[in-house]
Amino acid sequence: MSFCLSDFISEVQNGFASGERDAEGVTQLRMNNVNTRGIISFDESIRVPCTENQLRKFRLFKGDVLFNNTNSTELVGKSALFTGYTEPVVFSNHFTRLRVHPDRADAAFVAFFLNHLWNRKHFAEICQRWIGQSAVKFDKIASLQVQFPDLPTQRRIAARLTARFATVEQARLAAAALAEVPHLFEKTLAREFQGITPLSLGIDHAPAPEGWQWHKLTDLARLESGHTPSRFHPEYWENGDIPWLALPDIRALDCRVATTTSEKTNALGIANSSARILPAQTVALSRTASVGFVTQFGRPMATSQDFVNWVCGSGIHPVFLMWLLRSSRAFIHSVSTGAIHKTVYMNMVERFHVCLPTLAVQKNIASRLDEMLATTDELTNSLSAQLAAIRELPAAYLRETFGPLNP
């Protein structure tokens with residue numbers, strides 16, 4: 001049997017606007033306090049001035065349902081059940097407060113149902129739109145035909161969904177540890193380099209740790225620049241078989257071995273430009289735009305002029321140099337210049353000094369960091385996949401529950 005949604009609602013109240021803040025005022029919920037999982041968060045709530053009359057009119061009580069009546073089109077309509085707070089709470093005019101008939105409907109069930117409609121983009125279809133925002137008046141929703149089960153069934157469904165959503169939230173928080181992975185990696189990197197920045201301009205550098213020494217980098221590795229074969233000669237790029245490293249490649253290759261590139265030049269392009277084919281294990285550092293990203297060649301290739309490259313001699317391990325430059329990224333940024341696009345100029349690069357342990361220690365450090373990166377990548381990919389799956393669960397649970405009732 002179909003009903004109007006309004007048959008289950010006993011009171012509808014829009015919130016109030018307050019442009020002011022008052023440290024002694026009352027906590028007010030705004031749009032950002034209700035997330036897309038139907039959960040209210042007080043982390044970014046504010047306090048606003050509130051008269052006694054406003055507090056009586058706009059105060060939230062346990063069991064109230066908040067409906068987000070104004071937001072961007074894709075977010076308008078998200079709803080949440082207010083389960084109480086340690087002090088009085090009011091709500092902004094971006095919300096409509098719904099109170100249900102306690103003998104006809106379960107408030108949690110109604111909140112879940114409204115979020116089901118939101119996930120189905122029902123409100124996006126019926127809202128009024130203007131630049132930057134959309135809105136839904138509740139009279140458009142009140143007449144909606146719904147099929148609700150009896151009250152005991154509603155309560156059982158709401159309890160089951162509440163338990164499921166709580167489990168989803170616990171899983172989401174666990175998977176959100178993904179945000180900590182880069183910090184853990186940075187700590188490992190700093191520890192491997194003894195807590196110092198192992199790159200300098202040869203002046204005012206950190207004291208070398210025991211067993212380490214400072215060297216001018218060009219004494220240990222041959223410095224090479226890159227170049228771009230002329231774009232006015234398409235024949236320099238036709239049937240290219242020489243990988244040519246350019247800025248679009250470097251972010252994905254950061255701290256990894258480069259074996260392929262998005263573009264390739266050919267022998268004719270190399271012969272008619274200043275580009276040079278550099279050997280495998282060359283270390284390339286981006287010096288413009290994506291300043292500080294670094295890779296190591298897994299095969300002979302050339303680079304654009306956006307890179308400086310080092311062909312390592314016997315005193316420095318190429319992979320160690322790659323990690324040394326990665327560890328010094330903040331320093332590399334600090335020596336870049338330019339009002340719009342930052343660049344590390346060659347006269348600066350030529351002054352680079354590096355702090356090195358013995359070759360055997362270099363290799364051990366490089367090996368550990370490679371393993372750490374592989375583990376980090378594996379963990380990041382796994383947690384990202386889990387987080388993506390977790391994000392889909394609430395909408396799936398709502399479809400499973402309300403689809404048969406309200407197709």
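The values are calculated or read from the model by the stated rules, or taken from the named source; none is laboratory data. Treat the numbers as computed from the prediction; the structure is a model and nothing was measured. Glycine gets a Cβ as well: all are built from the backbone with ideal geometry, and neighbour counts include every protein chain shown.
Below is a table of values for the structure above.
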| read-out | value |
| --- | --- |
| Condition check for ARG104: basic (Lys, Arg), surrounded by fewer than 20 Cβ atoms within 10 Å (Cβ to Cβ), within 16 Å of LEU5 (Cβ to Cβ) and modelled with pLDDT under 95 | yes |
| Residue match in the range 374-382 (condition: farther than 24 Å from LEU247 by Cβ, outside the structural domain of ARG172 (by TED's automatic domain parsing) and modelled with pLDDT of 85 or more) | no |
| All positions within the range 118-158 that are in a helix (DSSP H, G or I) and free of Cβ contacts under 8 Å to residues at least 40 places away in the same chain | GLU125, ILE126, ASP139, LYS140, PRO152, THR153, ARG156 |
| Filter result for the condition that a residue is in contact (Cβ under 8 Å) with a residue 40 or more places away in the chain, crowded, with 16+ Cβ neighbours inside 10 Å, farther than 26 Å from ILE131 by Cα and not assigned by TED's automatic domain parsing to the domain that holds GLN170, over LEU75, LEU81 | LEU81 |
| Strands (runs of 3 or more DSSP E) contained in the range 215-301 and holding at least 2 residues under 23 Å from ALA374 (Cα atoms) | 283-286, 294-297 |
| Given (1) assigned to a loop (DSSP other than H, G, I, E, B); (2) within 30 Å of ARG156 (Cα to Cα), index of the condition ALA339 fails | (2) |
| Among (1) touching a strand residue (DSSP E or B) at 6+ places or on another chain (Cβ under 9 Å); (2) in a loop (DSSP other than H, G, I, E, B); (3) touching a residue at least 40 places away in the same chain (Cβ under 8 Å); (4) under 30 Å from VAL361 (Cα atoms), the one test that GLY211 misses | (1) |
| Selection count, the range 310-323, where residues are crowded, with 24+ Cβ neighbours inside 10 Å and either under 21 Å from SER273 (Cα atoms) or among the charged types (D, E, K, R) (or both) | 1 |
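Per-residue answers, yes or no, for (1) surrounded by 14 or more Cβ atoms within 10 Å (Cβ to Cβ); (2) modelled with pLDDT of 95 or more; (3) among the aromatic types (Phe, Trp, Tyr):
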site	(1), (2), (3)
VAL34	yes, no, no
ARG37	yes, no, no
ASP43	no, no, no
LYS62	no, yes, no
